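Coordinate-derived values only; no laboratory data. Just so it is clear, the model here is predicted, and its values are computed rather than measured. Cβ sites come from the backbone with ideal geometry, for glycine too, and all protein chains shown count toward neighbours.
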Amino acid sequence: MEGRSATASGAAEEPETPRKTQAKLRDIWPHIRPYRRTLVVIAVVSLIASAFTLVQPLVLQELINGVSSGETVTSALWLLVAVTLGMAGFSALQSYLLNRTAEGVVLGTRRTLVGHLFRLPIVEFDRRRIGDLMSRVGADTTLFRSVITSGIFDVVSSVLMFFGAVFLMATIDVVLLAITLAAIAVGTVLVLVLGMMMRRASQRAQEGVGDMTAAVERVLGAIRSVRAAGATERETERVGTEAENVYRQGVRLAALNALVQPVMSITIQGAFVAVLGFGGYRVVTGAMEIGDLVAFLLYLFVLIMPIGGAISAIARLQAGLAALDRMQEVLQLPPEDADEATLRTRPSVSPARAPVNSAAVLEFDHVGFAYEDGPPVLEDVSFRVERGLRTAIVGPSGAGKSSILALIERFYDPTSGRVLLDGADVRTIRRADLRRRIAYVEQEAPVLAGTLTDNLRLANPDATEAEMLAVLEEVGLTSLTERSNAGLGLQVGDGGVLLSGGQRQRLAWARAFLAGAELLLLDEPTSSVDSRTEAALQDALKRASGDRTVVVVAHRLATVADSDAIVVMEAGQVQAIGTHRELLTASPLYRELAEHQLLA
Ligand SMILES: Nc1ncnc2c1ncn2[C@@H]1O[C@H](COP(=O)(O)OP(=O)(O)OP(=O)(O)O)[C@@H](O)[C@H]1O
Ligand SMILES: [Mg+2]
């Protein structure tokens, strides 16, 4: 949870402070667990492939020693062909199985990660940058793939090959082997040190990718404003700076990688020259046969392969572990409903979709609330929304109106006091059950990319086409379906950009109506429509609300003047409660608001 303080403020500027989470090799296990059988198969296949590779020099040794002593070698020749083919075949099979498994692991991680991401408490999305979260699902899971393909397996098969080769070399000549191993030991120590430095650099590089994605997302999310403000150049530069950061880490990684290569090749060449020189001398003196020396040198090459493999595997393993770090950081956060495990399942007040005639009573009981680390936003707020009635909340901007709705939806919980639905503290109701009973139109009336149908079915996946058309007519959007051939399949664009502001708002209304919930929360539902449409929407609301309880937040008092009750908010406190008529005399603030809007 230490990301909390680091990202709470100024998140766009400052990259997150280094986290303490350090993924270990054993943290990989849960991700590959489902594939353990396949992994065993792969292990067997790669064992066979390694065996073929190891046997090849032996066959060659037989062949050469046979030729030099003038024996017939036909069978040894055939054996050599068979061994070579077997080596190739099993290597290919191993590679295919391994990559298939890796894809499966990535699929699993992505599902888990996205599933978890979508369930995080709303405050996490206040704290974090969406772009960075996105890069964790995309870039980091992709990097994690290499943990499986090159990482674990190359390390395992490299180790196998290494010991196999060493064993067989020992059978040929122990002295030559000692020379070889001494050289390799020196190289290995150096490479391990470099590996640790690479881990840190990969981590920084991936954080950099996250920052960069966040910077791109920040601009694309407000591309029109950025264009209009003439800030395109500066924003491009800004993303460029983030990209440069990634570049620097990449170059650092390249430098470390580049160091690894010469270290290893000097080691290997040293071993090679020593073996060749000393071995050649022994062949001349007759202490060793020429075929043995050739076989030994071939094993030296066999040895080089796994060492090279292990080096690149270590590098990728480091990158993969750094990626796992970033994924785990998200996976460790408790999901929003984590506190519900112990919740007594209340007899569900509204099984499935609530019938509209079962309106709810909503009550705020001395509610105090502050956003994380912020000043109090609501103080001692108490009011009651009667069953089946329409209650309005009005007040100046920043008074805390939207925050009240957020508390009803349980995006946040109050810091003091209680929010009650039908007499039950909302904290005792499962969030899923609670939200099923509520339809909510956000202040910004968000529309999701996709078709009209996608948007309408968001809250009610079972809505029929007829129901959808009816509700569109109710909110005056029939023209949308009629104008295009696509009908309900009309694409609304990313965030609804292909619709007008008022159309977006009405689509959000339609979605809420269709949800059939007993409590309707509307935040500034008519801010983007003309007064005639507004009047039509008012009528629609009256018809659609039926026995529902409605809470509507509005600046425009015309929208709310005929509400059953009006709660006047100011600076987080309830200033007055009453009807329009009562408030005109009782509340100076209300009167002032009304006078400005020519309603008094
Ligand atoms: N997610 C958030 N995190 C921190 N502070 C917030 C958050 N959302 C709102 N605030 C702060 O809480 C206060 C009340 O905001 P709220 O959105 O409830 O006001 P409002 O009455 O709906 O205003 P408006 O009429 O402009 O929509 C504001 O000072 C705002 O800065
Ligand atoms: Mg608001």
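Projecting each Cα onto the charge dipole of segment 482-526 (Lys/Arg +1, Asp/Glu -1 at the beta carbon, about the Cα centre), which of Ala512, Asn485, Leu498 comes out farthest on the positive side?
Asn485
So what are the ³J(HN,Hα) numbers for segment 79-87, from phi and the Karplus equation (6.51, -1.76, 1.60; θ = phi - 60°), rounded to whole Hz, Gly and Pro as x?
Once rounded to whole Hz, the list reads 4, 4, 4, 4, 5, 4, 5, x, 4.
By count of other Cβ within 10 Å, fewest leading, how are Met169, Met87 ordered?
Met87, Met169
Take the alpha carbon gyration tensor of segment 25-332, find the square roots of its eigenvalues, order them as a ≥ b ≥ c, and report rounded if a/c is under 1.5; if not, report prolate when a/b exceeds b/c, else oblate.
The shape class here is prolate.
How high is the FRET efficiency between Glu386 and Arg26 when r is their beta carbon distance and R₀ equals 51 Å, given to the nearest 0.05?
Efficiency, from the Cβ-Cβ distance: 0.30.
Using helices alone, I'd like the mean residue ellipticity at 222 nm for the chain: each DSSP H run of four-plus residues gives -39500 (n - 2.57), total over residue count, nearest 500.
Result for the chain: -20000 deg cm²/dmol, rounded to the nearest 500.
For the chain, report the translational diffusion coefficient in µm²/s to the nearest whole number, using Stokes-Einstein at 20 °C, 1.002 mPa s, and a Kirkwood Rh over Cα pairs.
After rounding, the answer is 72 µm²/s.
How far apart, in nm, are two points set 7 Å out from the Cα along the Cα-to-Cβ line at Ala182 and at Tyr96?
4.7 nm
Any idea what % of Cα-Cα pairs in segment 119-224 are farther than 24 Å?
Taking all Cα-Cα pairs of segment 119-224, the fraction more than 24 Å apart is 52 percent.
Just to verify a number: FRET efficiency for Ser500 and Gln269, C-beta to C-beta distance, R0 = 56 Å, to 0.05?
Calculated value: 0.20.
So for the chain: antiparallel DSSP bridges make up what percent, rounded to the nearest 5?
Around 55 percent of the beta bridges assigned by DSSP in the chain are antiparallel ones.
What shape does segment 360-425 take by its C-alpha gyration tensor, where a ≥ b ≥ c are the square roots of the eigenvalues and a/c under 1.5 counts as rounded, a/b above b/c as prolate, and the rest as oblate?
In terms of gyration-tensor shape, oblate.
Given 0.36 nm per residue, what is the gain on full extension from Arg532 to Val67 after removing their alpha carbon distance, in nm?
So the chain would gain 157.2 nm between Arg532 and Val67.
In whole percent, what relative contact order does the chain give with Cα contacts below 8 Å and a gap of six or more residues?
RCO, the chain: 15 percent.
Taking a ≥ b ≥ c as the square roots of the eigenvalues of the Cα gyration tensor of segment 16-130, is the shape rounded (a/c under 1.5), prolate (a/b larger than b/c) or oblate?
prolate
I'd like the Karplus ³J(HN,Hα) series for segment 394-402: coefficients 6.51, -1.76, 1.60, θ = phi - 60°, whole numbers in Hz, and an x wherever there's a Gly or Pro.
10, x, x, 4, x, 6, x, 5, 5
Rounding to the nearest 10 and keeping the result within 0 to 90°, find how far the Cα-based axis of helix 465-474 lies from the longest principal axis of the chain.
50 degrees
Per the Kirkwood formula on distinct C-alpha pairs, the Rh of segment 352-596 is how many angstrom?
Answer for segment 352-596: a Kirkwood hydrodynamic radius of 18.4 Å.
Run the dipole for the chain about the Cα centre, Lys and Arg Cβ at +1, Asp and Glu Cβ at -1, nothing else charged, and hand back the magnitude in debye, nearest 20.
Using only the charged Cβ atoms, the result is roughly 1080 debye.
Taking the Cα of Thr428, stepping 7 Å toward and past its beta carbon, and measuring to each backbone N in segment 395-420: which are under 14 Å?
Under 14 Å, as judged by backbone N against the label point of Thr428, lie 418-420 of segment 395-420.
Compute the helix-to-body angle for 290-331: its Cα long axis versus the longest principal axis of the chain, expressed 0 to 90° and rounded to tens.
Orientation of helix 290-331: about 10 degrees from the principal axis.
Extending each Cα 7 Å along its Cβ direction at Asp337 and Asp547, get the distance between those two points in nm, one decimal.
It works out to 2.8 nm between the two label points.
Set the Förster distance to 35 Å, then compute FRET efficiency between Glu372 and Thr38 from the Cβ-Cβ distance, nearest 0.05.
According to the calculation, E is roughly 0.20.
I want to check the label-to-label distance for Thr171 and Thr84. Put each point 7 Å from Cα in the C-beta direction and report it in nm to one decimal.
My value for the distance between the label points is 2.2 nm.
Round to the nearest 10 and give me the degree value, 0 to 90, for the angle of helix 232-284's Cα axis relative to the longest principal axis of the chain.
With rounding to tens, the tilt is 20 degrees.
Provide the per-residue ³J(HN,Hα) series for segment 548-557, in order, calculated from phi with Karplus coefficients 6.51, -1.76, 1.60 and θ = phi - 60°, each as a whole number of Hz, with x at glycine and proline positions.
Values, residue by residue: 5, 8, 10, 10, 10, 9, 8, 7, 7, 5 Hz.
Taking the Cβ of Gln573 as the center, what net charge do the other residues with Cβ under 11 Å away carry, scoring Lys and Arg +1 and Asp and Glu -1?
-3
Grab the Cα-Cα distance for Thr232 and Val361, subtract it from 0.36 nm times how many residues apart they are, and report the gain in nm with one decimal.
41.5 nm
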